[in-house]
Every structure is written in C-alpha cells, then in structure tokens.
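To start, the structure under review is shown below, and the notes come after it.
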Amino acid sequence: MRKTSAWPLAQLCVALIVYASLYPFDQWRDQGIAPWAFLTAPWPKYWTWFDVLSNVLGYAPLGFLLTLSAMRMGWSGRVVLGSALACAMLSLTMESLQSYLPARVPSLTDFLLNTLGAWVGAFLAGGLERLGLINRWSQFRARWFVRDAHTALVLMAVWPAALLFPVSVPLGLGQIWERLEDTLTNLFDGSMFEDWIPLRSFELEPLLPGAQLLCVALGLLIPCLLGYVVIRQYGQRLVYLFLIVFLGLSVSALSAVLSYGPTHAWTWLGLPEMLGFGFGLLMALLFVPVSHRTCSAFLLLALVLQQSLLNQAPESAYFTQTVQTWEQGQFIRFHGLIQWLGWVWPYMALLFAVARLSRDGSQVRS
C-alpha cells in the first residue's frame, strides 16, 4: 500500500462535512419524527441555485478523494461505486441526525444532490485514472517533491480554501485568541473553573499600518516556505512562488466578492497590503536557494511572529459584522467547511514545522 495525500484530504473532507451538516451543535432533542422521515417528505417548494451548488460541490471533492485514495493504495474492484456509496451513507447519516436539530431541516433533495456530487467526483477520479492522468501526477510529484511530502502537500492544497473565509488582515489566518477568550469566559463564568480563565492585563490595540504590512508579508511568505521545504529544485520553487502570489491575490478578491459584492473585489488592497505583498514576494525570492532545513526553521519563526502580531489586535466592528453575514446568512453551510480551516491552518503548519525540524535534527545526529 502506497502513501497518498488523497487519504488525509478525504478524512479532512469528512470532518468538515460533519461540522457543516450538524452546525450549530446545540438544542439536540427528539422532535417526535423518525430520523428517516425526510425520505418520504414532499419536495421543497422553494430552493436556490446556491443550495443546489453547495450540496453538489460539498460532496464532489470527497467522492474524488476517496476514489483516488483507493486507487493510489492499490485497491481493485468497483472503487468508483464504492466511494459514491460511502459518501451516500455519510450524507444519509448527516440528514438523519439533522432530525434532532431544530435549527436544521433534513431533506431528500439535499441527500440526492450530495450523492450526485459524490458520484461526479468519484467518476471524475476514475476517468482520470483510465486516461493515465493519475499516473502522470505521480510522475510529476516524484520530479517536484521529496518523498515524504504528504503532510505539506495537504497543507498546501488547503491554504487557498482557508483564505475564502473573511479575515481582518489579508492572508492573516489564525486570529482566534480573542474569540477563544470570549468563549472560555462565557463557558466557565460562574463555575468552579472561573478563576482558571487567563485574563489579559492590557487592552487589544488595532494593528498599525506597519504591523499590517508585516502580517501580509508573512502571510505570503509562510505558504512559500512550506512549499520550499518539500520542493526539490530552485526553478520549481520560483514557479510555485508565483502561483502562491496569484492564489493569494485572486482568492482574497473572491472572498471580498462573496462578502461585500463584486464592486468591492479589490477594496481590501490598500497601501499597506500592496507593500506587504511586495515585501513578502521579495523575502520569498531570497529564500529560493535556501536549504530545506533552513526553510523549516524560518517557517516556524514566521508562523510564531505572525500569530503574535495578529492575536494582539482585536477584530474590527465592521469585520465582525461581515463574519456574522457568513455565519448567519446564506453561507451558514458554506462557512462551516472553511471557517475552521482558516482558524487551524497556521497551527497545523506550526506542528508540521516542529516535526520536520525534529526529524531533520535526529537524522543529523545519527
């Protein structure tokens, strides 16, 4: 059995689907209906194309990744059908559990669209395998990346999706400490653990333009260093660098379009942000000829520095209102698939950098 990045990505998809399907995870109760009653319920009178696309696209990546995982690990047989059925069972389970959540409404339409999306993704993976494109990807990966690049490739693939959820500073993923502090305070207020809650001795101050510039620059440098750790050649690193710049700009613009509308696609790109992109590009260019181990060390340093800056600043009131439109509006399902990515991505990259440095250090000593 061969290791494949598709399997951890499939597991991540499952976790995100469960989160999105069962959000907000409260007020569980038996509503006096069978969990499978939605299968015989009348068709909904109202629907939107957003609901259709979100249900199809929500399961298509999982069907694709499960099929790809099975083929990459040497499984034979009807892997396309098996992957589609596994996704259908997951969707059936999620829709049934929604019967116990008053805030969610199980639907036969959702189940069928989920199954359709999973089948499309699985069929696409099977078709690519028959055309030989999966094998070409394996050859491409062997030329570009070191052998144990699985975790880094997963993080690299997830990074653009994590940028879709609104951030107070462009490319500033992981700003969660203020929310975490409020959550812990509300959770333990009046309990025996009230005195255990860490309290700040200072008020959070908004970031100065120079600090915003540095956060944007580090936000661009971090995924570049992550790739440099596992990319083999310097020329390949340059190609990857410009891909990261393109993705950083385009996905940030798409997030602004989803949040504020098409006319505001580039309103987030002020002077500090433009200078930050330029400074980040310059730093990333300087690291192109640097060794893998040194890139790992500076990846760790950049992550710690950016999180220290971001989490010493509060979320602006305007940004908080924008996030609420995602969490309470039409993106309520969509945001569940990516909000946690934006929160945890830097910390997963931090763990990767620490593990990489520890492994490299042990190899040097041996």
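Every number here is computed from the coordinates shown, using simple stated rules; none is lab data. Keep in mind that what you see is a predicted model, and the values were worked out from it rather than measured. Heads up, the Cβs are rebuilt from the backbone with ideal geometry, glycines too, and the neighbour counts pull from every protein chain shown.
Here region 1-81 is described by how far its Cα atoms reach on the three principal axes: 47, 27, 24 Å, from widest to narrowest.
Among the trypsin sites (Lys or Arg not before Pro) in region 31-121, which ones are in a DSSP loop with at most 15 other Cβ atoms within 10 Å of the Cβ? Mind listing them? Please list the in-between numbers first.
Working: sites: Lys45, Arg72, Arg78, Arg104; in loops: Lys45, Arg78, Arg104.
Those that pass, being in a loop and sparsely packed, are Lys45, Arg78.
Placing unit charges on the Cβ atoms of the charged side chains and taking the dipole of region 60-172 about its Cα centre, the candidate lying farthest along the positive direction among Val120, Val167, Met156 is Met156.
Projecting label points 7 angstrom from Cα along Cα→Cβ for Glu181 and Trp36 puts them 5.1 nm apart.
Applying the criteria of a DSSP loop state and at most 10 other Cβ atoms within 10 Å to the trypsin sites (Lys or Arg not before Pro) of region 131-186 yields Arg147. Label separation (Ser138 vs Leu282): 4.5 nm, computed from points 7 Å beyond Cα along the C-beta direction. Between Trp43 and Asp360, what FRET efficiency follows from the Cβ-Cβ distance if R0 is 35 Å, with the result rounded to 0.05? For Trp43 and Asp360, the calculated efficiency is 0.05.
Just need the relative contact order of region 6-144 here, percent rounded to a whole number, with Cα pairs under 8 Å and 6+ apart.
Numbers: 167 pairs, mean separation 50.5, N = 139.
Once normalised by length, the contact order is 36 percent.
Between Met274 and Leu85, the simple spin-label model (points 7 angstrom out along Cα→Cβ) gives 5.8 nm. Taking the charge dipole of region 6-144 about its Cα centre, with +1 at Lys and Arg Cβ atoms and -1 at Asp and Glu Cβ atoms, the residue from Gly74, Ala20, Gly32 reaching farthest to the positive side is Gly74. When you filter the trypsin sites (Lys or Arg not before Pro) in region 1-30 for DSSP loop state and at most 10 other Cβ atoms inside 10 Å of their Cβ, you are left with Arg2, Arg29.
Quick check on the exposure proxy: order His150, His264 from fewest to most C-beta atoms within 10 angstrom. Mind showing how you got there, number by number?
Details: His150 17, His264 12.
Ranking His150, His264 by Cβ neighbours within 10 Å, fewest first, gives His264, His150.
To the nearest 20 debye, what charge dipole does region 6-144 have about its Cα centre, counting +1 at the Cβ of each Lys and Arg and -1 at the Cβ of each Asp and Glu?
On the way: 9 positive and 6 negative charges, 122 e Å.
About 580 debye.
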